[in-house]
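The values are calculated or read from the model by the stated rules, or taken from the named source; none is laboratory data. Bear in mind that the values here come from a model prediction, so they are computed numbers and not experimental data. Backbone-built Cβ (ideal geometry, glycine too); neighbour counts: all protein chains shown.
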Amino acid sequence: MNTRTEANVTPETIAKRAYEIWQREGQPSGRAEAHWCQAEKECKGSQAREAERTRDSARATATSATSSDDRNTRQAARPKAMT
């Protein structure tokens, strides 16, 4: 269980999504629990994907900065051409 991700999903967010699902399905009676479970799963999945994108973006930025530093170091270490 990823408590940081789940902590960001509020009951209000889940209720809003469950309501949207209920409306989309034609407002059937007796499906509140199923709609809630589906909404909860979607909301938590959405939060997890967003967290993963954020981590991937941070990694890419760190990798890019490291690569740039490496290139600068290699260029500085090259001997200058004699003219």
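Side notes on the structure shown:
- Test: residue 63 is surrounded by 10 or more Cβ atoms within 10 Å (Cβ to Cβ), polar (S, T, N, Q) and modelled with pLDDT under 85: yes
- Filtered by the rule that a residue be surrounded by fewer than 15 Cβ atoms within 10 Å (Cβ to Cβ) and β-branched (Val, Ile, Thr), the stretch 10-49 gives a lone residue, 10.
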